[in-house]
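Heads up, the thing below is written out as structure tokens.
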Amino acid sequence: MEIMTDNNIVLFDYLNNTKINGEFNGSIISKFKEYVNYLIFSDNIKISEDDGIQISQGLMVGFERDVNKHLAFSKKDDFIWRDLENCPLEYSILVPSVIMEQYDEGQFSDAFPFTITMLHTAGLYQKEPDGLYVDHLDFFQGEILRNPVGLFNRGICIADRVVIDHRGDPVFYDSILVGRNENDILEVSYEPLVNVKMDYDVVRFIIILGIENLKE
Amino acid sequence: MLIYENRKAKLLNIFKIGINPFKKFVATGEIKEELGFVTSRKELTESIIDIIENNKNIILPIIGEVGAGKTHLFWNLKKKLHNHNTFYISLENYRKFYYSLYSEYIEELGVGFLRSIANELCNKWGALERKFGFFHVADIEKVRETAFEQISKNFEDKIALNDIINAITAHQLDPYKKLEAENWLLGELMDFRDLAHLNLLYDLRKKSYAFTMLKITIENSKLGSVLFIDDFEKIISLMKKSEEGSEEIFDPSYLYGSEGSTLDNRAAQKILDKILNLQKIRSIKIIITLNSIDSLEEIKRKIQEKDKKLLLLFKNPLFLSNFEENDIFEFYKKNMKNFLKSVNYLEFMEEYPDSYFPLNEKTLRNINDKVNGNPREILKLLIKIFNEIIYSDESLENIIHSYEN
């Protein structure tokens, strides 16, 4: 087991050729390469020369095409990629415990009794280079939705809740942001509030995770 | 332009409005005492703090005659014991003892700390377990089961414990019951409908519920807890009342049983049992105040009859003596400074830092000697003198002169 420091959080980065062998536990986000755009949330990851990358019981989140529709999904599964050259993962990052503590505090610091918790995972918004497939932002204007996950052009946002403001822009509360800086180095930060302007066209998708899918 | 101001005359005029700098001569557990202790009592305060900070479960008796400042000691300790929640209870009202105690404790603790304790408990019971490394999907039933498994062996009344766990977990994990659960935890009276909504049997007026809740909050508070029980011999007086009997034509024993088991006596016995039962709460420190060492011995005898081992909890008594010779001057000065501050006239003190105006050293010394340094009696006399200064037509010199001899 590797001992992690706050700086040593990138476990695997295809772009920067980073790979730390070992077995890691904690809060881990793995992102697929551009052509798939799936995310995996897990509490473990094992990286080794012989066995490649293994994630046990992770939650894969993304959009899948169903005939003419795009449907959001979240699935619990085991993932193994022995050949790292052909591994679809772009990066795996371990969120430092300090950030997770802030995230936990943000979740319990306030009570929002009128928050909408979805039973099943659903897509709130999805835009691909070839078009806008899902947009329910107006429908949820003024509502508070629990467990949103957002994929942006250069990063990921996982938050405790998202509110759609009167302009139809999502505001994420109690968020963890993962993304690349101007030098393409991966960074993680905690933000109590993230205001996203839809006009800037940076959002690839926003998925609301369903409680039933999380409980499974 | 004001060239000269007669500040003494101005101070007298302020008094004449009708403001007495010495107002009350009895401290209570409800009204905060701003005035600190005089220097000669600092050693006693330090000894108490030392005992409190270096022991776990104890009963510390403080002995002082009537009016010596035992209740005032509570306010002084409350200011000094920074790492403790110090709360006061009087045995005057001994009905619903644990409920009253819990209410006092929560008032001292504050709702913010109560929430934080509930949050930490739920955390310990696994409410913050993260699914897939990130998501808190608290399974309330599972958290409740874990909680019961973890702590039930330390509690006698399992039904009360079960309901308390239900209330704490509902407060933290069920947003639709949070408000009602918080009211319940704060000790508010609940009707049947509210209790049914929370799926609880009773509110905290129920003895075993209040005790269990008290034990949970005190044992999980980051600060220590000091319970200050004033006038502890009230228990003895209640017991004696019935033992001595009364010269009534109607003998209550016809209706209420024989002597020694009258209502007061039984209540006193029960209250003593309840206080001794508090020792089951880890790290609670109890300070009791008594008027005499005889009362302490009598209480110890009563406790010995119940359980000899409990006597081990008793620390050697500390004595709160009357004012020493020079304490009255410091006491007077502190009081006057407070008064001058309240009327925005501290310039007087700056101009006359060593003056005891309108009194003088001789009068103060005389007052002290007259009442053997008993603070309450000193205060009574000071109130009397200042009332005369305020309301009498006599000149100040004549009034002061009459108290000099």
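The values are calculated or read from the model by the stated rules, or taken from the named source; none is laboratory data. The shown structure was predicted, so the numbers you read here are calculated from the model rather than taken from an experiment. Neighbour counts are summed over all protein chains in view; Cβ atoms, including those assigned to glycine, are modelled from backbone coordinates with ideal geometry.
How many residues are in a helix (DSSP H, G or I), more than 34 Å from the chain's Cα centre (by Cα) and without any contact (Cβ under 8 Å) to a residue 24 or more places away in the chain if we restrict to region B:326-380?
1
For (1) closer than 25 Å to B:K178 by Cβ; (2) of a type in the set (G, A, S); (3) part of a loop (DSSP other than H, G, I, E, B); (4) modelled with pLDDT of 90 or more, each residue gets a yes or a no:
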position: A:F139; (1), (2), (3), (4): no, no, yes, yes
position: A:I158; (1), (2), (3), (4): yes, no, no, yes
position: A:L177; (1), (2), (3), (4): no, no, no, yes
position: A:S189; (1), (2), (3), (4): no, yes, no, yes
position: A:L193; (1), (2), (3), (4): yes, no, no, yes
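Within region B:277-322, track down each residue that is surrounded by 13 or more Cβ atoms within 10 Å (Cβ to Cβ) and assigned to a loop (DSSP other than H, G, I, E, B).
Hits for region B:277-322 are B:I281, B:R282, B:S283, B:N291, B:S292, B:K315, B:P317, B:L320, B:S321, B:N322.
All but one of (1) closer than 20 Å to B:C122 by Cβ; (2) within 31 Å of the chain's Cα centre (by Cα) hold for B:P175; which doesn't?
Looking at each condition in turn, B:P175 falls short on (2).
Would a scan of region B:362-384 turn up a residue that is more than 30 Å from B:E43 (Cβ to Cβ) and at pLDDT 90 or above?
Within region B:362-384, one or more residues are more than 30 Å from B:E43 (Cβ to Cβ) and at pLDDT 90 or above.
For A:M4, are the conditions met, namely being of a type in the set (A, V, I, L, M) and either modelled with pLDDT of 95 or more or assigned by TED's automatic domain parsing to the domain that holds A:A159 (or both)?
Criteria not met by A:M4.
Search region A:95-113 for residues that are within 11 Å of another protein chain (Cβ to nearest Cβ) and pair each with any residue that is at pLDDT below 80 when their beta-carbon atoms are under 7 Å apart and the residues are at least 6 apart or on different chains.
Partner pairs satisfying both residue conditions: A:D104/B:L128; A:A111/B:P175; A:F112/B:P175; A:P113/B:P175.
Filter region B:120-156 for residues that are assigned to a loop (DSSP other than H, G, I, E, B), more than 8 Å from every other protein chain (Cβ to nearest Cβ) and not hydrophobic (A, V, I, L, M, F, W, C) and give the result.
First, pick out the residues of region B:120-156 that are assigned to a loop (DSSP other than H, G, I, E, B): B:125-129, B:132-134, B:137-139, B:155-156.
In the following step, the residues that additionally are more than 8 Å from every other protein chain (Cβ to nearest Cβ) were identified as B:125-127, B:129, B:138, B:155-156.
Matches in region B:120-156: B:G126, B:E129, B:E156.
Could you tell me how many of the residues in region A:199-216 are within 14 Å of chain B (Cβ to nearest Cβ) and either in contact with a Lys or Arg (Cβ under 9 Å, 6 or more places away or on another chain) or assigned to a loop (DSSP other than H, G, I, E, B) (or both)? Walk me through it before giving the result.
Taking region A:199-216 as the starting set, the residues that turn out to be within 14 Å of chain B (Cβ to nearest Cβ) are A:207-216.
Pick out the ones that are also either in contact with a Lys or Arg (Cβ under 9 Å, 6 or more places away or on another chain) or assigned to a loop (DSSP other than H, G, I, E, B) (or both) and you get A:208-211, A:213-216.
Count: 8.
Go through region B:63-75 and count every residue that is within 17 Å of B:Y88 (Cβ to Cβ) and in contact with a helix residue (DSSP H, G or I) (Cβ under 6 Å, 6 or more places away or on another chain).
Qualifying residue count for the region: 2.
Conditions: (1) modelled with pLDDT under 85; (2) of a type in the set (D, E, K, R); (3) out of contact with any Phe, Trp or Tyr (no Cβ under 9 Å at 6 or more places or on another chain). B:K32 meets all but one. Number of the miss?
Looking at each condition in turn, B:K32 falls short on (3).
Restrict the check to region A:120-132 and report whether at least one residue is within 14 Å of chain B (Cβ to nearest Cβ), within 14 Å of the chain's Cα centre (by Cα) and more than 14 Å from A:S74 (Cβ to Cβ).
no
Return the only residue of A:E128, A:E101, A:E105 being farther than 30 Å from B:E180 by Cα and surrounded by fewer than 17 Cβ atoms within 10 Å (Cβ to Cβ).
From the options A:E128, A:E101, A:E105, the qualifying one is A:E128.
Would you check if B:G187 is within 14 Å of chain A (Cβ to nearest Cβ), in a loop (DSSP other than H, G, I, E, B), at positive phi and not acidic (D, E)?
No, not satisfied.
Mind checking which residues of region A:150-174 are in contact (Cβ under 8 Å) with a residue 60 or more places away in the chain and touching a Phe, Trp or Tyr at 6+ places or on another chain (Cβ under 8 Å)?
Correct list: A:L151, A:I158, A:D174.
Only residues that are acidic (D, E) and buried (at least 21 other Cβ atoms within 10 Å of the Cβ): list them for region A:173-216, please.
Hit for region A:173-216 is A:D174, nothing else.
Would you be able to say whether some residue in region B:51-72 is under 14 Å from the mean Cα position of the chain (by Cα), exposed (fewer than 15 other Cβ atoms within 10 Å of the Cβ) and without any contact (Cβ under 8 Å) to a residue 60 or more places away in the chain?
No, that holds for no residue.
A:V10: surrounded by 14 or more Cβ atoms within 10 Å (Cβ to Cβ), away from every other protein chain (no Cβ under 14 Å) and closer than 29 Å to A:N181 by Cβ, yes or no?
yes
Kindly evaluate B:Y105 against the criterion of being outside any loop (DSSP other than H, G, I, E, B), crowded, with 18+ Cβ neighbours inside 10 Å and away from every other protein chain (no Cβ under 13 Å).
yes
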